[in-house]
1. Using alpha carbons only, what's the Rg to Rh ratio of the range 157-217 with Rh from Kirkwood?
2. Restricting things to Cα coordinates, could you compute the convex hull volume per residue of the range 50-108 in Å³?
3. 7 Å from Cα along Cα→Cβ at both Lys186 and Glu90: what's the point-to-point distance in nm?
4. Which value, in debye to the nearest 20, describes the size of the charge dipole of the chain about its Cα centre when Lys and Arg Cβ atoms bear +1, Asp and Glu Cβ atoms bear -1, and nothing else is charged?
5. I'd like to verify something in the chain: which complete DSSP H helices, judged by Cα projection on the helix axis, reach 18 Å or more and average at least 0.5 on the Kyte-Doolittle scale?
6. What longest range of the chain stays clear of loop-exposed chymotrypsin sites (Phe, Trp or Tyr not before Pro) (DSSP non-H/G/I/E/B, at most 15 other C-beta within 10 angstrom)?
7. Shape of the range 82-138 from its Cα gyration tensor (a ≥ b ≥ c, root eigenvalues): rounded if a/c is under 1.5, otherwise prolate when a/b > b/c, or oblate?
8. At 7 Å along Cα-to-Cβ for each site, give me the label-to-label distance between Leu177 and Glu31 in nm.
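Throughout, read-outs are computed from the coordinates displayed, never taken from laboratory work. Note that the structure is a prediction, hence the values are computed from the model and not measured. In this analysis, Cβ positions are derived from the backbone assuming ideal geometry, glycine residues included, and neighbour counts consider all displayed protein chains.
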Amino acid sequence: MKEKQYVVDDLTLKDSWRIFHIMAEFVEGFETLPEVYPAVSIFGSARAKPQSKNYKTTVTVARMLVENGFNIISGGGPGIMEAANKGAAEAGGKSVGLHINLPKEQKANEYANIQLKYDYFFVRKVMFVKYAVAYIIMPGGFGTLDELFEAITLIQTKRIRYFPIILMDSGFWSGLLDWIIDTMLKEKTISKPDFEIFNVVDSPEEAVSIIKRRVVI
């Protein structure tokens, strides 16, 4: 395997002008997203196919959430993101696609009725968490784990208010959770109360029930 080389960038180039681009992305989100509150942010793999169990489950849970008075926020791309917006569309609800501009990755899906585009991941992350009353974490990859652990950390450190974080599909998450218990908890790098921040479920009904019980709209 060919070893990758790290190219050092000149970080001073155009940084001052980049600030205005960042500000513009924040302003657009702050002006647009209040209309979709209360919303549930749904995360998961961009690689999930429409015929897959996870895609179909996501369509169902998004549809049920809309039927119970919630709107949907997704990453706006394919896979689980598309399924989330599709489920909301089937129920006649509002859904947002927070699309990230990447050189070789996702295209925006057709189901979100509000589309915002971002160049900066950190701005997009703020929008996911600021206008959400809950997170649903479907099986996914590194990006999904990133959103999961950031939300847990923000709640754990009381940087944001508590809201339900729901991991869907216990079979998928069991290995990670076993490692957290057997390694992190054993080494006391986390505490038992940290496990109260999130729930693990296996059905859309369980997920919606938890959100309805803990979120007043």
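1. On the way: Rg = 13.2 Å, Rh = 13.0 Å.
Looking at the range 157-217, the ratio lands at 1.02.
2. Values: hull volume 3.6 nm³, N = 59.
Expressed per residue, the convex hull around the Cα atoms of the range 50-108 is 61 Å³.
3. 4.2 nm
4. Rounded to the nearest 20 debye, it is 140 debye.
5. On the way: long enough: 15-32 (26 Å, 0.04); 53-67 (21 Å, -0.17); 142-156 (21 Å, 0.80).
The qualifying helices are 142-156.
6. Details: sites that count: Tyr6, Tyr120, Tyr162.
So the longest stretch without any such site is 7-119.
7. Details: a/c = 1.91, a/b = 1.24, b/c = 1.54.
The shape class here is oblate.
8. Here the modelled spin labels are 4.3 nm apart.
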